[in-house]
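Peer 1: Here it is, the structure in full.
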């Protein structure tokens, strides 16, 4: 997905829901902080999104422009309607978001996670694709190990989960040679 495609999704979500502000929490939220990232970060065809002030409308997004929809068939990308509970994030994340707003969004707003918050959210999810994404963020220098480790104590995780997350991030950093 490109930044232009994300802007199209924001515009389509606004037209569909009548909402003004949207939160993008998945991998494509990288396009807020880094409009033209390396190809490894733009392979996904979906943007995880919800209306900021009316998250319950995410179902409407999913049904109309989600996977398998006419929108998806026409454009080759789609919106996945999610909710605020989708991403586990460190404290203060909303103060670090990146605003995507332009003529291409009809001046509607898409808030994208800061790269370190995206990294931590993906690290907690811990699926294979998330591990690869996180390791690429480290390898390309978009996130430093220190940045990530410094925020872990603000994550809504218990002590054991925080220790495990620290160990995982340190292991990834060693594997990609940035430890």
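Peer 1: Scan region 93-102 for residues that are more than 14 Å from the chain's Cα centre (by Cα) and not in a helix (DSSP H, G or I) and jot them down. Can you show your working first?
Peer 2: Pass one, region 93-102, residues more than 14 Å from the chain's Cα centre (by Cα): 95, 101-102.
Those that are more than 14 Å from the chain's Cα centre (by Cα) and not in a helix (DSSP H, G or I): 101, 102.
Peer 1: Tell me which residues, restricted to region 1-26, are out of contact with any helix residue (DSSP H, G or I) (no Cβ under 6 Å at 6 or more places or on another chain) and part of a helix (DSSP H, G or I).
Peer 2: Scanning region 1-26 gives 4, 5, 8, 9, 14, 15.
Peer 1: Being modelled with pLDDT under 95 and either surrounded by 19 or more Cβ atoms within 10 Å (Cβ to Cβ) or under 16 Å from the mean Cα position of the chain (by Cα) (or both) is the requirement here; does residue 1 meet it?
Peer 2: So residue 1 does not fit the description; no.
Peer 1: With respect to residue 49, determine if the residue is over 16 Å from residue 142 (Cα atoms) and surrounded by 15 or more Cβ atoms within 10 Å (Cβ to Cβ).
Peer 2: Yes; evaluated as a whole, the condition is true for this residue.
Peer 1: Please indicate, with yes or no, whether at least one residue in region 105-115 is over 24 Å from residue 86 (Cβ atoms) and assigned by TED's automatic domain parsing to the domain that holds residue 53.
Peer 2: For region 105-115, residues over 24 Å from residue 86 (Cβ atoms) and assigned by TED's automatic domain parsing to the domain that holds residue 53: present.
Peer 1: Let me ask another. So residue 81 fits all but one of (1) without any contact (Cβ under 8 Å) to a residue 40 or more places away in the chain; (2) surrounded by fewer than 20 Cβ atoms within 10 Å (Cβ to Cβ); (3) assigned by TED's automatic domain parsing to the domain that holds residue 27; (4) under 17 Å from the mean Cα position of the chain (by Cα); what number is the exception?
Peer 2: Only one criterion is unmet by residue 81, namely (2).
Peer 1: Oh, and also: Before we move on, is residue 62 in contact with a strand residue (DSSP E or B) (Cβ under 9 Å, 6 or more places away or on another chain), part of a helix (DSSP H, G or I) and either assigned by TED's automatic domain parsing to the domain that holds residue 23 or within 19 Å of residue 3 (Cα to Cα) (or both)?
Peer 2: yes
So that you can scan it fast, the table gives a plain yes or no per residue for (1) in contact with a helix residue (DSSP H, G or I) (Cβ under 9 Å, 6 or more places away or on another chain); (2) assigned to a loop (DSSP other than H, G, I, E, B); (3) free of Cβ contacts under 8 Å to residues at least 40 places away in the same chain:
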| position | (1), (2), (3) |
| --- | --- |
| 91 | yes, yes, no |
| 104 | yes, no, no |
| 111 | yes, no, no |
| 123 | yes, no, no |
| 146 | no, no, yes |
| 157 | yes, yes, no |
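Peer 1: Need the failing condition index for residue 96 against (1) closer than 17 Å to residue 33 by Cβ; (2) buried (at least 20 other Cβ atoms within 10 Å of the Cβ), just the number.
Peer 2: Condition (2) is where residue 96 drops out.
Peer 1: If you don't mind, another one. State whether one or more residues within region 33-48 are in contact with a strand residue (DSSP E or B) (Cβ under 9 Å, 6 or more places away or on another chain) and either in a helix (DSSP H, G or I) or modelled with pLDDT under 95 (or both).
Peer 2: Looking for residues that are in contact with a strand residue (DSSP E or B) (Cβ under 9 Å, 6 or more places away or on another chain) and either in a helix (DSSP H, G or I) or modelled with pLDDT under 95 (or both), one finds at least one in region 33-48, hence yes.
The values are calculated or read from the model by the stated rules, or taken from the named source; none is laboratory data. Computed from a predicted model, the values in this text were never measured in an experiment. Here the Cβ is made from the backbone with ideal geometry for all residues, glycine too, and neighbour counts use every protein chain on show.
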